[in-house]
Amino acid sequence: MIVTLISVEYGRITATARGCLKPKAKLRYSAEPFNFGEYVLQGSGGRYVITECNQIEAFSAVTADIEKYYAACMILESLERLTKEPQPLLLSRSLSALSDLAYGDKEADCVITSFLKDVISLNGLSLDFAHCNVCKCDLEEDAYFSDRDGIVCRHCKAMTDIPIDSMTRAYLSGAADEVPHALRQKANILLSNLVYQMLGVRIGAHYFTESI
Ligand SMILES: [Zn+2]
């Protein structure tokens, strides 16, 4: 089996796991989707074979709940797509999001909201959903996302800016926590669209269509 590994030191690596499908195989954990562990590889020039794998954490509890499972898959997808060069902070943030899904009591879509906000801020593009980034006014109603200025009010927006309705904005600013699933989902679709606008990487297309 060909597996994609994301490592702290080397970023994204492709490696072959041999005989991992046999139930008693030494490497049976090495090709499981959420496996976090210490891998030993042999090879060079982009051709590697996994020779050892010591599992640290499997996050297997995420497979007991379909919402959590889809959310966990979305985190892996984001990690894979956004790791070209090594991204130790993103990897560490992804592990804590998987841990929240597996062992925490937060709703899966809330975990995704804070994960996507962190993906944006890890790339140095922190967005403040409570204030206009141009005139600094307190945002109370709708807001807009501007490529150039971040989150802005209706007075500071340009024609092509992406609108953010007041409910979604309040949830993303942290002012409203107890909101319905559909609104959180809508906010997550917006965040994934902002990731695409800012980083040019589309994530979560599968996650959003499956969950809706
Ligand atoms: Zn403004």
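A few points about this structure:
- Options 69, 29, 48, 39: the member that is open to solvent by 50 Å² or more (accessible area, probe 1.4 Å) and either of a type in the set (S, T, N, Q) or under 27 Å from residue 117 (Cα atoms) (or both): 69
- Qualifying positions in region 134-149 - more than 10 Å from the ligand (Cβ to nearest atom) and in contact with a helix residue (DSSP H, G or I) (Cβ under 7 Å, 6 or more places away or on another chain): 141, 142, 145, 147
- For residue 70, the conditions (1) within 16 Å of the ligand (Cβ to nearest atom); (2) assigned to a helix (DSSP H, G or I) are fulfilled apart from (1).
- Complete set of residues in region 1-17 that are out of contact with any Ser or Thr (no Cβ under 9 Å at 6 or more places or on another chain) and assigned to a loop (DSSP other than H, G, I, E, B): 9, 10
- Conditions (1) outside the structural domain of residue 172 (by TED's automatic domain parsing); (2) within 20 Å of residue 199 (Cα to Cα); (3) assigned to a loop (DSSP other than H, G, I, E, B): number failed by residue 30: (2)
- Of the strands (runs of 3 or more DSSP E) lying entirely inside region 81-186, the ones with 2 or more residues being open to solvent by 20 Å² or more (accessible area, probe 1.4 Å) and assigned by TED's automatic domain parsing to the domain that holds residue 202 are found at 162-164.
The values are calculated or read from the model by the stated rules, or taken from the named source; none is laboratory data. This structure is a prediction, so every number in the text was calculated from the model and none was measured. Don't worry about glycine lacking a Cβ; one is built from the backbone with ideal geometry, like all the others, and counts go over all protein chains shown. Note: areas computed on protein heavy atoms with side chains; ligands, DNA, RNA excluded. Shrake-Rupley method; radii C 1.70, N 1.55, O 1.52, S 1.80 Å.
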